[in-house]
Amino acid sequence: MVTSRIHVLDEATIAQIAAGEVIERPVSVVKELVENSLDASARHITVELMGGGRSAIAVTDDGVGIPRDDLPLAFARHATSKLDSVGDLFAISSLGFRGEGLASIAAAGDVELTSRTRASEFGYRVEARGTQVGTAAAVAASVGTKVVVRELFSRTPARRAFLKSERSEFARVSAFTSQIALGWPSVGFTLRHDGRDVWSLPAVKDPVDRLETVFGRAARGALVPLVTAAERVRERVSGYVCKPGHDRPNRNAQVFFVNGRIVRSAALSAAWLAGYGSFGMTGRYPFGVIAVSLPPEDVDVNVHPTKIEVRLAHPQHVFEAVRRAVAATQSATERARPLPAAALHAGASGDERSDNSALHAEAGEAQLSFAPDAQTRDMRVFGQIDRTFIVAGDGNELVLIDQHAAHERIAYEAIAANDGRRDVSEPALFPAVVELTPEQIVALHAYEGELADAGVIVEPFGEATYRIVALPLGYEKRRFDLPRLLDDLSADDAPREGVAHQKRVWASIACHSVVRAGEPLSLQQQSALYERLLRCRDPQTCPHGRPTMLRLDATALAKAFKRA
Ligand SMILES: Nc1ncnc2c1ncn2[C@@H]1O[C@H](COP(=O)(O)OP(=O)(O)OP(=O)(O)O)[C@@H](O)[C@H]1O
Ligand SMILES: [Mg+2]
């Protein structure tokens with residue numbers, strides 16, 4: 001029911017409403033502040049959170065700083081140094097332009113801003129809270145700007161209640177910061193949480209080095225530079241995209257920049273997939289980073305409150321440019337890929353031969369056994385198809401086994417049976433050391449407890465490197481793929497509690513510790529796998545519920561051959 005007359009809202013309410021669109025959660029504050037630091041030509045930016053950003057968020061840069069006289073204006077709405085007139089609005093080259101970032105942050109929390117320009121001997125500090133801005137006081141400070149935000153949303157409890165766990169808010173900040181870092185390789189970034197350094201990206205000349213830090217060392221082989229057509233002048237496309245076969249289960253690792261601005265774009269994502277063409281698999285997405293640069297007048301950045309979406313003057317041209325670049329890159333990598341030598345003489349290696357003789361001995365023995373029953377059938381293994389499926393049989397039926405799914409089932413039941421017992425590695429001369437991306441490190445911290453319960457113990461070993469100290473009993477270190485496991489876990493957004501959650505974690509550990517599809521196996525390994533599968537409590541499906549084997553008995557064969 002509307003009872004009062006139309007009136008103009010007061011300043012504080014207007015500010016609150018405007019801020020509501022811009023500052024939704026801690027990562028929104030970080031985005032505004034980091035963009036300001038980049039606009040200020042910072043060489044290094046440190047982002048620090050306390051309690052997932054609820055208690056405090058601080059962003060420190062070594063950029064140009066704000067002159068003392070401008071300080072009170074920094075918090076005023078529609079006050080900016082980046083735009084002079086409406087004409088500029090259609091040719092924006094800075095990340096900020098509205099003069100709303102700091103005002104919105106002050107509406108959402110208590111802000112303390114300290115800044116010093118190179119020309120000034122001192123720094124100056126102002127505090128802002130809501131629409132109240134204090135006076136600037138001289139303080140000792142180094143050149144640059146530091147903004148600290150405390151008590152986020154304490155004046156808007158509804159929004160505060162909407163925040164997720166500390167871990168999850170922090171993970172968003174980590175994801176955003178490492179992704180924007182991709183587009184700014186010459187700027188160093190450090191991320192800290194609750195007083196400790198979580199990751200640090202030094203400034204680099206070659207964007208490739210930054211890529212490795214963000215996507216992981218494994219990405220070195222997986223990512224290739226985009227082949228770009230030189231003739232297109234208006235829309236320049238560059239970046240790194242993964243080769244076919246390295247796709248991921250979601251779009252989280254697709255990063256887009258338009259003129260240095262990180263954007264979300266279903267259209268660009270679709271163009272990427274279109275360029276992939278037949279290389280793509282349904283439900284899988286290529287990963288990497290694609291940066292589009294356009295004349296500023298071709299991009300309208302003023303269409304979304306957090307500037308995460310942009311409107312393009314010629315979307316079709318951009319779509320085509322991206323699609324073509326991706327397609328050209330894919331066909332270039334396909335051509336460059338040598339035929340796998342092993343595929344040319346399958347089964348001819350020394351190992352395989354000795355395994356063949358093992359089969360003959362075994363088969364000879366098996367033929368002697370009478371009265372096969374369910375337990376002691378004279379099962380035989382005949383070999384692999386496409387290095388993915390094992391062909392086996394027992395005189396009554398032909399059995400096709402998915403080697404990965406089967407091994408997953410075996411590994412999963414091993415964890416379930418072990419109850420956290422683990423193979424602790426000796427302090428090895430060459431410990432299994434892996435390098436993790438910022439994302440993966442965040443997932444590792446988040447899942448430390450669950451992993452330890454299952455028998456997986458990982459320790460820090462150096463900056464961004466970790467050592468695998470222990471694995472569940474019966475697991476092989478050589479097969480254990482910690483980075484992919486962590487990718488999987490961080491993509492899991494189902495509730496993180498209860499038995500179902502524990503089972504998902506176990507299934508992920510199993511999945512990334514076992515034989516893959518496409519891996520050659522000796523006949524001995526194939527039989528061992530089949531035997532161990534049959535000994536499982538639930539041999540028919542993998543922990544994700546996919547079948548591990550297909551059986552064809554004489555009736556089914558007769559039908560297929562039209563005998564029946
Ligand atoms: N880290 C910083 N270093 C130097 N100057 C800064 C920094 N942060 C803010 N400023 C100054 O304060 C002004 C206001 O910042 P604010 O983020 O509110 O607006 P903006 O960046 O201009 O536009 P937008 O609202 O789109 O972010 C900027 O225009 C800039 O002059
Ligand atoms: Mg700004």
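A few remarks follow.
- Shown here for region 450-533: chymotrypsin sites (Phe, Trp or Tyr not before Pro) in loop regions (DSSP other than H, G, I, E, B) with at most 12 other Cβ atoms within 10 Å, of which there are none.
- If you plug the beta carbon distance of GLU463 and ARG484 into 1/(1 + (r/R0)^6) with R0 = 35 Å, you get a FRET efficiency near 0.95.
- Within region 127-153, backbone nitrogen closer than 12 Å to the virtual label 7 Å beyond the Cα of GLU11 toward Cβ: 129-134
- Candidates per GluC sites (Glu not before Pro) in region 79-170, loop by DSSP, up to 16 other Cβ within 10 Å: GLU121, GLU151
- Computed from the Cβ-Cβ distance with R0 of 41 Å, the FRET efficiency linking CYS536 to GLU21 stands at 0.15.
- The modelled label-to-label distance between LYS562 and ALA332, using points 7 Å beyond Cα along the C-beta direction, is 5.2 nm.
- Distance between the pseudo-spin-label points of SER81 and ASP206 (7 Å out from Cα toward the beta carbon): 3.6 nm.
- Candidate aspartates and glutamates for bridging to LYS146, where Cα separation is under 15 Å - those fewer than 8 sequence places away on the same chain excluded: GLU32, GLU35, ASP39, GLU48, ASP61, ASP62, ASP110, GLU112, GLU127
- Legend: ranking of residues MET549, MET50 from fewest to most surrounding C-beta atoms inside 10 Å; resulting order MET50, MET549.
- Added length on full extension, which subtracts the Cα-Cα distance from 0.36 nm per residue, ARG167 to HIS314: 48.9 nm
Every number in this text was worked out from the coordinates using simple rules, so none of it is lab data. Keep in mind the model is a prediction, meaning the values are calculated, not measured. Cβ coordinates were reconstructed from backbone atoms using ideal geometry, including for glycine residues, and neighbour counts include every protein chain displayed.
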